[in-house]
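Trainee: This is the structure, below, for whatever I ask next.
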Amino acid sequence: RDLQEANVKFLSGWNQWKRTSHKSWRKVLDESKELFSYLELWRHDIHSIEGRKYGTGIQSYFSFLRFLVLLNFLIFILMFSFVTLPTVISKYGIFDSSFAQIPASSTEPHCTVYSPSGNKGLVYFYTYLKDLLAGTGFLEVTSLFYGYYTIDAAWISMFRYNLPLAYLLTTFAYLGLSLLWIIKRSVEGFKQNSVLQSSEFQSYCNKVFAGWDFCITDISAAWLKHRSLQHELKADLEEERLKQKIADRTMKDKLRIYSLRLFLNIIVIAVLSGCFYAIYRATVFSQENSSSNGNDMQFEANLLVQYLPSIVITLANFIAPLIFSVLIRLEDYSPSFEIRLMLLRCVFMRLANIGVLLVSLWSQISNCATDKCNACGYNYELYPCWESQVGQEMYKLLILDFVIILAVTLFIDFPRKWLVTHCSCKLVQWYGLQEFGISNNVLEIIYGQTICWIGTFYSPLLPAIATIKYFIVFYIKKISLIHTCKPSARPIRASSSNFFFLVVLLIGLLLAFVPVGVSIAYIPSSKACGPFRNFNTSWAVVPDTILGFPIGLQKVFYGIASEAFAVPFFVV
């Protein structure tokens, strides 16, 4: 430093100014970074959870939940800015705007009939409650669902806004944003994992010799850091103990454990098969009965029939993980691998449940037995605006998922805590307080996020509901953790958990690509509603737009859209 200061006087005025401004700019950046860290959402809450007796594995769950809140908020901003706002502005004539609706020329008249069941006149209060829960009635004709966006072009001053193209490109944008952000965070976690696993003793050395933060001056912050390091060391020692136990197994022990695992996996496959069949039957029954007798049925029965697929899926999601959690304890895995395997089984079940629901719906939508139906390309009598009805199913799943999370906390977790505290019965004391199940809780939010990714195309404002839902879930889970849970007897390392959570979330996103991609590229779009009613499929708006470009530019875009370019590009 002394040498640098001595050399300053030999620098020219320009170089001295560059050096001073560089130091000042670095100082501004450092102070800004420190300031933004204090503005970080739930920063204090997550640090307090980490420093309590619960450890860093559970802290990683709450950090993951915060990431999904921010992701859904950004997706909402995208959909609202490029789809909802231009539609609302043009429909109400704000900023000297107007809109154009191009009449369908080659569509059969019976395909364009769509009369949403919006409530008119005097209706009972419970009708509004049913509509709010099911996404029907007054809610069906709002900007929440696909059927509201019926304009073909919006004129804002002198600017022509192509809504169908904007709708499709914004869908690609929110899926691409999610993919890139998850990959970025996954790479960071992968690098951290690689460093920790590069040497047998490196993890201990990092914690013992370089784990302390000497900038800490507050007593409570020091206590939190101390507890965090303690739990990390506990997790490392537990992993080493289990590695030693596995190494000491005899051939007889190995044969016994592998035979048991094979038998338990057969049970898992049987449970999954039963769940899938129940969802398929419930979806077919719900679609056939709620459509045909919906007006004659009583309020409770009609709501039950409409919610039947969602109820069966929720029951499967609730019961199957309980069975899996009992089975996995018998398989004798390490805590980190136990969480991963449990997550993989449950995420496969939950995501496959959504897949079975969508396949069941699409089999009903494409079920055509007459020439009039074949002319539309879908079952126009039962599904005049099938995209809105798929959006309603996703909306019901998201709402029911939140209701279940809240109900389990209020009516299972807190009563269990009260019984253990105030009841001296041996059975109750043996059952004891619950541990915070990381795998089940992570699975809940990954399942909800997959529903949001799939449903956003059919319900553009669904990310706003998901943002509010996860914001409330954070506080529900925090209160439940502090007041009803005991610390885990088997500590879990946070670094591997963070990375694996993101990998499972990435699987959910890639699976969400499939139904959205199929509905955009292959399933005929509704001719009675939505921005794509003048196109055979949603994707048809892209070549239609390219036809308006100059010939040279058209050739470039057709080359990019060809399979020879597109398939290798997406694989990479």
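The values are calculated or read from the model by the stated rules, or taken from the named source; none is laboratory data. Note that the structure is predicted; figures quoted are calculated from it, not measured. Cβ: placed from backbone, ideal geometry, glycine included. Neighbour counts: every protein chain shown. Heavy atoms of the whole protein, side chains included, go into the accessibility calculation; ligands, DNA and RNA do not. Shrake-Rupley method; radii C 1.70, N 1.55, O 1.52, S 1.80 Å.
Trainee: Kindly provide the set of residues from the stretch 455-468 that are closer than 13 Å to K396 by Cα and part of a helix (DSSP H, G or I), ordered by number.
Mentor: Correct list: G455, L462, I465, A466.
Trainee: Can you pull out every residue in the stretch 518-543 that is assigned to a helix (DSSP H, G or I) and exposed (fewer than 14 other Cβ atoms within 10 Å of the Cβ)?
Mentor: V518, A521, P543, listed by residue number.
Trainee: If you don't mind, there's one more thing I want to ask. Among L315, L322, which is open to solvent by 20 Å² or more (accessible area, probe 1.4 Å), under 30 Å from L382 (Cβ atoms) and either part of a helix (DSSP H, G or I) or at pLDDT 80 or above (or both)?
Mentor: L315
Trainee: Out of L242, L264, I need the residue that is in contact with a Ser or Thr (Cβ under 6 Å, 6 or more places away or on another chain), closer than 26 Å to S334 by Cβ, open to solvent by less than 70 Å² (accessible area, probe 1.4 Å) and assigned by the TED database to the domain that holds P384. Which one?
Mentor: Every option except L242 fails the conditions.
Trainee: List the helices (runs of 4 or more DSSP H) that sit entirely inside the stretch 342-452 and contain at least 3 residues that are out of contact with any Leu (no Cβ under 8 Å at 6 or more places or on another chain), closer than 24 Å to T314 by Cα and touching a residue at least 60 places away in the same chain (Cβ under 8 Å).
Mentor: Helices (runs of 4 or more DSSP H) meeting the threshold: 386-408.
Trainee: Please specify each residue of the stretch 343-356 satisfying the condition of being at pLDDT below 80, closer than 27 Å to I246 by Cα and open to solvent by 10 Å² or more (accessible area, probe 1.4 Å).
Mentor: Answer for the stretch 343-356, where residues must be at pLDDT below 80, closer than 27 Å to I246 by Cα and open to solvent by 10 Å² or more (accessible area, probe 1.4 Å): just L344.
Trainee: Still on this structure: Would you pick out the residues in the stretch 402-434 that are open to solvent by 90 Å² or more (accessible area, probe 1.4 Å) and at pLDDT below 85?
Mentor: H422, S424, K426, L427, W430, Y431 - these are the residues of the stretch 402-434 that are open to solvent by 90 Å² or more (accessible area, probe 1.4 Å) and at pLDDT below 85.
Trainee: Also, quick follow-up: I'm trying to understand the selection: among the residues of the stretch 357-369, which are aliphatic (A, V, I, L, M) and either touching a strand residue (DSSP E or B) at 6+ places or on another chain (Cβ under 6 Å) or open to solvent by 30 Å² or more (accessible area, probe 1.4 Å) (or both)?
Mentor: V359, A369
Trainee: Going by the conditions given, is R281 of a type in the set (D, E, K, R), over 28 Å from the mean Cα position of the chain (by Cα) and modelled with pLDDT of 80 or more?
Mentor: Judged against the criteria, R281 is not a match.
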